[in-house]
Amino acid sequence: LKRAPVLILDDTLSAVDAGTEAEILAGLARWAPGQTRIVVSHRVSAVRDLDEILVLRRGRVIQRGSHAALMAVEGFYREMAELQQMVATNLRIFHDNFKLLLAQLSVLISRRGLRGVRTRPAVQTHHNRHQIGFATPRGRP
């Protein structure tokens with residue numbers, strides 16, 4: 001891969017979070033400087049640092065330019081960038097509030113003396129979806 005003149009990433013970053021995405025893209029830039037990279041992505045964050053961005057809609061190029069140039073004009077790219085930024089901000093706020101709620105719930109469970117109940121609920125994050133599970137002793141609702 002390092003010797004290939006062109007590297008094509010076709011939506012390969014969609015399954016990772018934004019932080020991991022940034023690390024991968026930065027790593028690729030360090031690993032193979034000067035290599036041409038074609039990145040296909042629905043995320044603005046995956047293409048914002050590229051030299052040229054082509055915005056496709058229904059198979060046609062509707063905008064073209066750098067991130068700064070595309071953000072300077074009204075259009076689909078800027079709308080998507082603003083929308084994705086708003087979603088990311090709201091997700092961070094939701095996640096912080098969710099962690100606070102879990103901490104309060106853990107304290108409540110501890111105070112009620114429910115033995116056998118996990119005082120720290122198991123929380124998993126997968127593709128920005130939160131899943132929560134509680135273990136309760138048999139016979140208790």
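Laid out as a table, the results:
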read-out: Net dipole in debye of the range 13-78 [+1 Lys, Arg Cβ; -1 Asp, Glu Cβ; about Cα centre; nearest 20]; value: 320 debye
read-out: The range 33-113, Rg to Rh (Cα coordinates; Rh as Kirkwood inverse mean 1/r); value: 1.28
read-out: Cα Rg, Dmax (largest Cα-Cα span) when computed across the range 1-80, Å; value: 13.0, 39
read-out: Summed side-chain charge close to residue 48 - residues other than residue 48 whose Cβ falls under 14 Å, Lys, Arg +1, Asp, Glu -1; value: -2
read-out: Solvent accessible area, Å² - residue 49, 1.4 Å probe, full protein context; value: 140 Å²
read-out: Accessible area (Å², per residue) of the range 13-98, counting only protein heavy atoms and a probe of 1.4 Å; value: 68 Å²
read-out: Carbon/sulfur fraction of accessible area - the range 1-65, other protein chains in place, 1.4 Å, %; value: 53 percent
read-out: Translational diffusion of the range 32-79, µm² s⁻¹ [Kirkwood Rh, Cα pairs; Stokes-Einstein; 10 °C; 1.306 mPa s]; value: 140 µm²/s
read-out: Taking the range 14-74 and dividing mean pair separation by its residue count, relative contact order in percent (alpha carbons under 8 Å, at least six apart); value: 23 percent
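The values are calculated or read from the model by the stated rules, or taken from the named source; none is laboratory data. Model, not experiment: these values are computed from the prediction. Cβ atoms come from the backbone with ideal geometry, glycine included; neighbour counts cover every protein chain shown. Heavy atoms of the whole protein, side chains included, go into the accessibility calculation; ligands, DNA and RNA do not. Shrake-Rupley method; radii C 1.70, N 1.55, O 1.52, S 1.80 Å.
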